[in-house]
Amino acid sequence: MGQTPTLHILYTCPFCWKVRGVIEHIGMDVDYIPVNGMKIKKSVAFAGDWGKVPVFTDETGEHFVDSTPVMKHIDAAYNGGKLAATGDAERQQKWLEWADAKVSKATVPILYGTLGSALKTTTRISKIEKFGFVSKRLYAWAGFPIMWGIIAKKRVKKDGRTPKKLWHDLLTEFTGEHGTEPFFGGASPDLVDFAVFGYTRSISPFPQFALLEDHEKGMAWYRRMEGTLK
Ligand SMILES: N[C@@H](CCC(=O)N[C@@H](CS)C(=O)NCC(=O)O)C(=O)O
């Protein structure tokens with residue numbers, strides 16, 4: 001027996017939610033360590049020069065970085081590799097890449113795509129995340145014009161769809177791939193389910209989640225995923 005495994009996170013980080021879903025599904029005992037969003041690099045410097053969250057540290061003190069490899073590692077080491085072994089490996093890999101390329105890009109537009117939504121998001125983040133006294137105020141006021149004006153606006157314009165339509169299209173494409181099964185993985189979820197679930201769930205602390213909730217098939221799947229958590 002070593003130390004309790006830890007996961008360094010930001011509460012609102014979509015990549016962290018991917019890993020958290022797997023941890024909750026397995027019912028593992030993991031200590032979540034929230035980092036200050038203004039000091040990520042410094043907070044995870046112990047894991048080398050990766051400089052991002054999530055970082056998983058196992059009971060022996062070994063570090064693992066990058067959400068998809070971390071999900072795979074946790075599944076292999078603590079779950080008998082069941083999430084990876086479900087279904088066809090090539091199909092799983094292709095859709096993991098789809099999730100990391102497409103669904104990951106949909107989170108910023110929905111959270112920051114309009115000035116109003118960006119303000120709602122940064123206000124909420126300043127309440128949820130761990131911040132210092134000054135950085136909290138700085139983020140709440142300086143964060144939203146930056147996220148909206150510099151990052152989100154360009155992405156929304158480039159895609160051409162409204163952030164809501166983009167999410168609905170992704171959820172339609174994803175659930176369409178399930179066929180008549182309840183999950184992408186078939187009768188039970190696999191790594192792809194947890195990747196898409198993580199990205200989707202990262203929107204759940206924000207009022208914009210309501211825009212996803214009227215995607216009927218997507219939400220039915222999302223609620224089934226919640227039902228697999230311990
Ligand atoms: N590909 C990485 C991306 C992780 C990532 O970009 N995390 C963000 C927080 S949401 C971060 O730590 N950014 C800090 C930085 O890039 O300096 C993963 O899937 O884990």
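The values are calculated or read from the model by the stated rules, or taken from the named source; none is laboratory data. Since the model is a prediction, treat every value here as computed from it, not as a measurement. Heads up, the Cβs are rebuilt from the backbone with ideal geometry, glycines too, and the neighbour counts pull from every protein chain shown.
Taking every residue in segment 85-104 that is assigned to a helix (DSSP H, G or I) and pairing it with any residue that is within 15 Å of the ligand (Cβ to nearest atom) and β-branched (Val, Ile, Thr), at least 6 positions away or on another chain, the pairs with Cβ-Cβ distances below 7 Å are GLN92/VAL192; TRP95/VAL192; LEU96/THR68; LEU96/VAL192; ALA99/VAL192; ALA99/VAL196; ASP100/THR68; VAL103/VAL196.
Report whether or not LYS82 is among the basic types (Lys, Arg) and either modelled with pLDDT of 95 or more or outside the structural domain of MET147 (by TED's automatic domain parsing) (or both). Answer is yes for this residue. Within segment 44-55, being closer than 21 Å to SER104 by Cα, in contact with a strand residue (DSSP E or B) (Cβ under 6 Å, 6 or more places away or on another chain) and either more than 10 Å from the ligand (Cβ to nearest atom) or assigned to a loop (DSSP other than H, G, I, E, B) (or both) holds for TRP50, VAL53, PRO54. Take the conditions (1) at pLDDT 95 or above; (2) of a type outside the set (Ser, Thr, Tyr); (3) within 14 Å of the ligand (Cβ to nearest atom); GLY27 misses just one of them, which is (3). Under the condition of being under 27 Å from ASN79 (Cβ atoms) and out of contact with any Pro (no Cβ under 8 Å at 6 or more places or on another chain), the residues counted in segment 21-44 number 11.
Can we say LEU83 is within 14 Å of the ligand (Cβ to nearest atom) and surrounded by 18 or more Cβ atoms within 10 Å (Cβ to Cβ)? So LEU83 does not fit the description; no. Does ARG137 qualify as being without any contact (Cβ under 8 Å) to a residue 40 or more places away in the chain, more than 30 Å from ALA89 (Cα to Cα) and not in a helix (DSSP H, G or I)? Against the criterion (without any contact (Cβ under 8 Å) to a residue 40 or more places away in the chain, more than 30 Å from ALA89 (Cα to Cα) and not in a helix (DSSP H, G or I)), ARG137 does not qualify.
Do you know which residues across segment 28-57 are surrounded by fewer than 22 Cβ atoms within 10 Å (Cβ to Cβ), touching a residue at least 40 places away in the same chain (Cβ under 8 Å) and closer than 21 Å to VAL196 by Cβ? Matches in segment 28-57: MET28 only. In segment 169-176 there is at least one residue matching the filter, namely being within 18 Å of TRP95 (Cα to Cα), surrounded by fewer than 20 Cβ atoms within 10 Å (Cβ to Cβ) and of a type outside the set (D, E, K, R). Would you say THR68 is within 14 Å of the chain's Cα centre (by Cα), hydroxyl-bearing (Ser, Thr, Tyr) and either within 11 Å of the ligand (Cβ to nearest atom) or assigned by TED's automatic domain parsing to the domain that holds TYR11 (or both)? Yes; evaluated as a whole, the condition is true for this residue. Within segment 4-43, the residues that satisfy the criterion of being under 14 Å from the mean Cα position of the chain (by Cα) and part of a loop (DSSP other than H, G, I, E, B) are LEU10, TYR11, THR12, CYS13.
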